[in-house]
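Let me begin by presenting the structure, written as structure tokens, before commenting on it.
The values are calculated or read from the model by the stated rules, or taken from the named source; none is laboratory data. As the structure is a prediction and not an experimental result, all values here were calculated from the model. Positions of Cβ are backbone-derived with ideal geometry, glycine not excepted, and every protein chain shown enters the neighbour counts. To get the accessible areas, we keep the full protein, side chains included, count just its heavy atoms, and leave off ligands, DNA and RNA. Shrake-Rupley method; radii C 1.70, N 1.55, O 1.52, S 1.80 Å.
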Amino acid sequence: MSHSTDTSLGQKVSALLTTRNLGRPLHYAHTVTSTNTLAMEAVQLNASHGTAFLTDYQTNGYGRRGRLWQAAKGQNLTFSIILRLPISDTVTGMVPLAAAFAVSEAVAKIVSPNNPQLKWPNDILLEGRKICGILLQSFGAPVTPMVLGIGLNVNQSIFPPELSGSATSLLLATGQHVDRASMMANVLLRLEKILELLSTDPALIRKRYTENLMGVGKSCQITGVNEKIIGTLIGIAESGALILETRQGLRTIYAGDVSLYMAYN
Ligand code: BTN
């Protein structure tokens, strides 16, 4: 990890943290390749639950399906957390959804009365534009330990042309500069609470996630799988999979290489 003398963001977050485990310890560096890469390496060195990596700039940030994750330097929140959770294999599939819900709660506080929406499995959208992407990585089977990577657009106002129609930020949504350190401290606190709740009451998390899920009751198309699947979005299974009602009957779509598009409204 390359180190910089400007550790102010990391120090500010640490000073504001009220979590028990998440963000403890918090490793900050001004520029890194990818915080997910660093966290995956740290998992193999037995880093503990809650250990987090935060940066102001990634040279090699990546997202789901091998896509690039681009975020302007020093304006956003780009971090990854190691999770070692005492949950069953079934509930593990709900972790990325629970994480998206937790971040969306923190976003909702800032953008109220506007309401963020969740796009299955774990994108957060504001007025149809993506404000946060989440990438959960594990070693082989979906079991803990896992690395949860979060890219939240905070104060970025100009996006590259290929993203300008589909991305937004807290600044663009509110017209106000948002303090990144307090936002991150708040995200980590909500995340900790929601992940605790996930182990005691997964049904409640599923209910709250589904209340904010985009497209429920609407016709959707799943792409990125071998076949084209069209159906009405019914809800979420215990495993976090998406349930669609298709002409052939109910279909369960598992998290993976799929995207969801509203086919018609
Ligand atoms: C997606 O929408 O495809 C997921 C994007 C995840 C981006 C975050 S930024 C912090 C962490 N480091 C990475 O390289 N990726 C994740």
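If a residue counts only when it is within 18 Å of M94 (Cβ to Cβ), which helices (runs of 4 or more DSSP H) contained entirely in segment 117-234 have at least 1 such residues?
Details: elements: 161-164, 170-174, 180-200, 202-211.
The qualifying helices (runs of 4 or more DSSP H) are 180-200, 202-211.
State whether one or more residues within segment 36-49 are more than 13 Å from the ligand (Cβ to nearest atom), of a type in the set (D, E) and either in a helix (DSSP H, G or I) or open to solvent by 10 Å² or more (accessible area, probe 1.4 Å) (or both). Looking through segment 36-49, none of the residues is more than 13 Å from the ligand (Cβ to nearest atom), of a type in the set (D, E) and either in a helix (DSSP H, G or I) or open to solvent by 10 Å² or more (accessible area, probe 1.4 Å) (or both). Only one of the numbered conditions (1) of a type outside the set (G, A, S); (2) open to solvent by 20 Å² or more (accessible area, probe 1.4 Å); (3) under 15 Å from K130 (Cα atoms) is violated by L170, and that is (2). If you check I134, I82, which single one turns out to be open to solvent by less than 20 Å² (accessible area, probe 1.4 Å), under 15 Å from the mean Cα position of the chain (by Cα) and closer than 27 Å to T252 by Cβ? When all the criteria are applied, what remains is I134.
Among the residues of segment 50-87, those that are in a loop (DSSP other than H, G, I, E, B), farther than 15 Å from A99 by Cα and more than 11 Å from the ligand (Cβ to nearest atom) comprise T51, A72, K73, G74, Q75, P86.
One residue alone among T144, T92 is more than 15 Å from the ligand (Cβ to nearest atom) and open to solvent by less than 10 Å² (accessible area, probe 1.4 Å), and that residue is T92. Of all residues in segment 53-81, those that are in contact (Cβ under 8 Å) with a residue 12 or more places away in the chain have Cβ atoms under 7 Å from Cβ atoms of residues that are part of a loop (DSSP other than H, G, I, E, B) and among the charged types (D, E, K, R), 6 or more apart or on another chain, in D56/K73; Y57/K73; R65/D257. Of all residue pairs spaced 6 or more apart or on separate chains, those with beta-carbon atoms under 9 Å, a first member in segment 1-26 that is at pLDDT below 95 and a second member that is part of a helix (DSSP H, G or I) and aliphatic (A, V, I, L, M) are M1/L38; S8/A181. As a summary of the residue check, T33 satisfies the conditions (1) of a type in the set (V, I, T); (2) open to solvent by less than 30 Å² (accessible area, probe 1.4 Å); (3) free of Cβ contacts under 8 Å to residues at least 40 places away in the same chain except for the one numbered (2).
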